[in-house]
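Only one structure is covered here, and it is reproduced in the block below.
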Amino acid sequence: MSRITTGLPLVYRPDKAHVWVEDMLTAQYLQELWQDAGIVFHVGGGNQTIKAVTHDAAAEGLRNVLGMVDRDFGDTNFVQWTNPASGASVMILPGHELENYLLDEDALAGCALNNQRRTVADVAAYTRNTASLCEWQVAAAQVIASWRDTFQADFPSHPSRVAAHDQPSTLALLLLLPWYVAAVTRANAITAPGEPAAALAAAHANVTAWLSSADWKSRFPGKQIFRDVRGYIYDPAAFGAPSTGIQPDIDVAVAVAIWQRSNGRVPTELQTLHAVIHAKAGV
């Protein structure tokens, strides 16, 4: 009997590392930053899509198909990147988003698209001020992320037919699920009098602590801040370029990559990612 295959080996070249990323900005920035013809980028949208396509590729035995996603308000798996035993095929960035690595005042001021002639000090002050305007938004996002984690922790998977074979056994299974048993306790914990305000106060304390150090550059959502500072340094109309949509963001990201590479300032974590991709893909 012939074996049915997905055709994935025909899509992915064996002599290349194939890396799925979330958006075109990420793909073009890393392509310019690394200047590596051995890596082919694919844009897959959300992180769930990327996890799915890399899982399918791994099931076909394709070790050269990998993924990279933003951490957002979750956890990074950075410590597992270089651990062969982990088997991780999707690298979750240590920074909040890829755009956090673009919040480099030297690169933004020094890149070729700084046609507003902003100095390093100008860019640093503007970027830091933009972050401070987001502090309550980031604090609220932290609280919401913690609520999501509270209710998604140990969320049950679908039962087998053996476990749920009639009404009594199925009802008993549902009532005894650890997640269900703990659901009321979890709901009471986050809705107790004063609890939302306390959670917000604790999150805001974290955010202000980040702002008093350099941590905000990796902790804050970078996409929104990058877009604001991109508009501060770059006027696309001066070059006859489109002034709306994602293209101005991509253009500045590429310009930042050129500056970082040319000046030996490739972010350390992205240098590590580059090496890990080659090691995992075996190319």
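Some observations on this one:
- Computed lengthening from residue 43 to residue 75, 0.36 nm per intervening residue step minus Cα-Cα distance: 9.3 nm
- Label-to-label distance for residue 160 and residue 82 is 4.1 nm, based on points extended 7 Å past Cα in the beta-carbon direction.
- Neighbour net charge for residue 196 - beta-carbon separation under 15 angstrom, K R +1, D E -1: +1
- Between residue 174 and residue 36, full extension at 0.36 nm per residue minus the direct alpha carbon distance yields a gain of 44.5 nm.
- The chain shape via C-alpha gyration tensor axes, a/c threshold 1.5: oblate
- Cα gyration tensor shape for the stretch 207-283, rounded if a/c is under 1.5, else prolate or oblate: oblate
- For the chain, adding -39500 (n - 2.57) for each run of n ≥ 4 DSSP H residues and dividing by the number of residues yields -16500 deg cm²/dmol at 222 nm.
- Remark: the Cα gyration tensor places the stretch 57-139 in the prolate category, a/c being 1.5 or greater and a/b exceeding b/c.
- The calculated FRET efficiency for the pair residue 15 and residue 239, based on their C-beta separation and a Förster distance of 35 Å, comes to about 0.40.
- Amide H contacts under 5 Å for residue 20, placed H, 5+ residues apart: 42, 66, 67, 68
- Taking the DSSP bridge list for the chain and keeping only pairs wholly inside it, about 0 percent are antiparallel.
Values quoted throughout were computed directly from the atomic coordinates according to the rules given, and no laboratory measurement underlies them. Since the model is a prediction, treat every value here as computed from it, not as a measurement. Counting neighbours? That spans all protein chains shown, and the Cβs are built from the backbone with ideal geometry, glycine included.
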